[in-house]
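Below: the structure, in structure tokens.
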Amino acid sequence: MSNAAVTAATSSRATAAGKSALARLGEAFVSRLVILIPYLWLVFFFLIPFVIVFKISLSQTAIAIPPYTPVLGFGDGLAGFFAQLNELSIDNYTWLTQDALYVNAYVTSVIVAAISTVLTLLVGYPIAYGMARAPAMLRPTLLMLVILPFWTSFLIRVYAWIGILKPEGLLNQLLLATGIISQPLVILNTYTAIFIGIVYSYLPFMVLPLYSALEKMDYSLIEAAKDLGCPPTSAFWKITFPLSLPGVIAGCLLVFIPAVGEFVIPDLLGGSQTLMIGKTLWNEFFANRDWPVSSAVAVILLLLLIVPIMLFQRAQARAQEQDK
Amino acid sequence: MNPTWSRFNITSIVLGFAFLYLPIVLLVVFSFNESKLVTVWGGFSTKWYVSLFHNQGLMDATWVTARVAVISATVATVLGTLAALTLTRYTRFKGRTLFSGMVFAPLVMPEVITGLSLLLLFVAVGLDRGFLTVTLAHITLTMCFVAVVVQSRLITFDRSLEEAAMDLGAPPVKTFFQITLPVIMPAIISGWMLAFTLSLDDLVIASFTSGPGATTLPMKIYSQVRLGVTPEINAACTILIAVVAVGVIIASLANKRREVQRQRDEQAAQRG
């Protein structure tokens, strides 16, 4: 039964029970409040800030507090508003497209995030698959074990890798001691370290949607394929993988989108040699104190991510429909 | 019927979990290292924990972080639960698509964007950066996570329970507090804990939105990490991990006890 039908059914029953008009009015008021409180909160703290970011990205840098020239206020009436409209400029955006540093940072971020997403999928799929085929008794424990690292600090988990990847770190010590390598590997402060950091930090985000897709799968399909003489590998590509596709899509989006704008991992593991847009924005803001340019960087980053974000939202909504 | 759990499956799980847990285990082990070098073992010692408690800056930051996390998680749980109710119960109202977009987008939004945009909002409305602004920022971020957790429980909620209560004459608000809330309580509790740890953990948004006097623990740890890896940071991280681990264990034990109690009640009801 749809939600609307349930509501209609319950409310008609309530009326039949002899409810006063006043009580009904109170009920409508409460349900209005349930919607309005979180709605207004998100409009004020999530939506309006983006409008402000966009607005400031069009203003000029100034040596003042706050460090930008104010634009588009209604303080001087409508005439003042139109006068200010002329002061808006797309200088910051022109600046971003002309400076190779920014263009490179965007392109590198997208490539690094895409490679990391594929790597996370390759690492996460066998784990999720193994979990989904584990004895039913073990599954809740395995699920708990995947979620548990998520509860420990992100910063700490990234920090832990510094000690492992350093030239004199634990990985090199191990490899040198076992004689696999004779020279310490340089991993820290390279893109390899960023890949490791992203795969490690985002692995639970990949495994969980994959697991929930794979767990729902009907394994008698595989048995049927096997009975009909289909080799396991092609059974996997023809049956298992297509059926797990919603999980693959959700997992990849959950990793890719935040990874593009990631700051902590490239900063701590990538060092100064690597270039990513989250770090660029951070430096623009904290080191150069250039708020308008960092706003412009954020606006373009958001535009880059708007399609993946909308895909993610649609995937979420569809999953929700299916659960009903 | 579940077919074989092959050797390949077991191997990939074992390797996967080793990958997930080994770095954390190493971090904890080396917090007890006598040597100042983080990666060379020099014998067991708890001296870094002692020096940690004499580090006033770190202690202050811990206190700020704990207060921000408790307040923001609590407010976020209320707001997130309301948002979850809105998403599951009210399928038709103006701007519903926008609303669900605003709930889901922060989950994946790069933190640098959220942090910057919130900071610019606080500057625009003339709010001084500090304890309050960090808390408001964390509420906004974590309420969306709470909403998703609670929503997934509400979707599978058997609404005939509510209908039964209302048939018996309970008003909707009373029905909510006596029927719906107890049933979705485990989800609300895990939502609170998720919000709490996210707030405890956040570096980027806190760096943008906090001001003088409101340095949080991740900000403190970050500034020390930039100067180099020391066993003292390992010790601080180990304590954080221990606090969270104890919290998770208590919550899951409480959950289990409630579950057992519920089964006992059901059996009693059937016998009665």
Completion exercise
Taking only C-alpha positions in the stretch B:1-97, Rg and Dmax in angstrom work out to 23.6, 65
Completion exercise
Mean separation of Cα contacts under 8 Å (at least 6 apart) over the residue count of the stretch B:46-237, i.e. the relative contact order in percent, is 40
Fill in the blank from the handout: Among chymotrypsin sites (Phe, Trp or Tyr not before Pro) in the stretch B:1-89, those in a DSSP loop whose Cβ has at most 16 other Cβ atoms within 10 Å are B:Trp5, B:Trp41
Completion exercise
Normalised Cα Rg of the stretch A:172-276, dividing by 2.2 N^0.38 Å with N its residue count, works out at 1.53
Problem - chain A: calculated mean residue ellipticity at 222 nm from DSSP helix runs of at least 4, using -39500 (n - 2.57) - result: -23500 deg cm²/dmol
Practice task
Can you tell me the FRET efficiency between A:Ile90 and A:Phe286 if r is taken as the Cβ-Cβ distance and R0 is 30 Å, rounded to the nearest 0.05?
Solution key: 0.80
Practice task
Determine which residues of the stretch A:273-307 fall in the zone a paramagnetic label at B:Arg226 would reach in this model, i.e. backbone nitrogen under 19 Å from the point 7 Å along Cα→Cβ.
Solution key: A:273-291, A:294-295
Handout entry: Excluding exposed DSSP-loop GluC sites (Glu not before Pro) (at most 16 other C-beta within 10 Å), longest clean stretch of chain A
Key = A:169-324
Fill in the blank from the handout: Here the Cα Rg-to-2.2 N^0.38 Å ratio for the protein assembly as shown is 1.04
Problem - Modelled label reach - B:Arg257, point 7 Å along Cα→Cβ, the stretch B:163-184 residues with backbone N closer than 20 Å - result: B:182-184
Exercise for the section: Take chain A, connect every pair of alpha-carbon atoms lying under 10 Å apart with a spring to form a Gaussian network, then pick out the residue of A:Val103, A:Val264, A:Val43 with the largest mean-square fluctuation. Expected result: A:Val43
Fill in the blank from the handout: Toy charge model, Lys and Arg Cβ at +1, Asp and Glu Cβ at -1: the protein assembly as shown dipole around Cα centroid in debye, rounded to 20, equals 1360
Fill in the blank from the handout: Under a Gaussian network model of chain A whose springs join Cα atoms within less than 10 Å, the largest fluctuation of A:Val255, A:Val30, A:Val53 belongs to A:Val30
Exercise for the section: Restrict the search to the stretch A:274-323; then list the trypsin sites (Lys or Arg not before Pro) that DSSP places in a loop and that have at most 15 other Cβ atoms within 10 Å of their Cβ. Expected result: A:Arg289
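Pop out the Kirkwood hydrodynamic radius of the stretch A:91-323 from its pairwise C-alpha distances, inverse of mean 1/r, in Å to one decimal.
20.0
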Handout entry: Calculated FRET efficiency for the pair B:Lys94/A:Asn104, C-beta based, R₀ 45 Å, to 0.05
Key = 0.55
Handout entry: Highest-MSF residue in chain B out of B:Met193, B:Met143, B:Met166 [GNM, Cα springs under 10 Å]
Key = B:Met166
Handout entry: Using a Förster distance of 51 Å, the FRET efficiency for B:Ala170-B:Ser35 (Cβ separation, nearest 0.05)
Key = 0.20
Practice task
Compute the acute angle (0 to 90°) between the alpha-carbon long axis of helix B:7-30 and the principal axis of greatest extent of the alpha-carbon atoms of chain B; round to the nearest 10°.
Solution key: 50
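Counting other beta carbons within 10 Å of each Cβ, put A:Trp95, A:Trp291 in order, fewest first.
Taking fewest neighbouring Cβ atoms as first place, the list is A:Trp95, A:Trp291.
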Practice task
Grab the alpha carbons of the stretch B:183-255, take their convex hull, and tell me the volume per residue in Å³.
Solution key: 99
Exercise for the section: From the P(r) of the stretch A:76-213, can you give the percent of Cα pairs sitting at distances over 18 Å? Expected result: 71
Problem - Ratio of the Cα radius of gyration of chain B to 2.2 N^0.38 Å, where N counts its residues - result: 1.24
Problem - Under the span-like rule (Cα at least 24 Å along the axis, Kyte-Doolittle mean at least 0.5), DSSP H helices of chain A - result: A:21-42, A:100-132, A:191-216, A:291-323
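Where a number appears in this text, it was derived from the coordinates with a stated rule and is not lab data. Just so it is clear, the structure is predicted and the values come from calculations on it, not from any experiment. Here the Cβ is made from the backbone with ideal geometry for all residues, glycine too, and neighbour counts use every protein chain on show.
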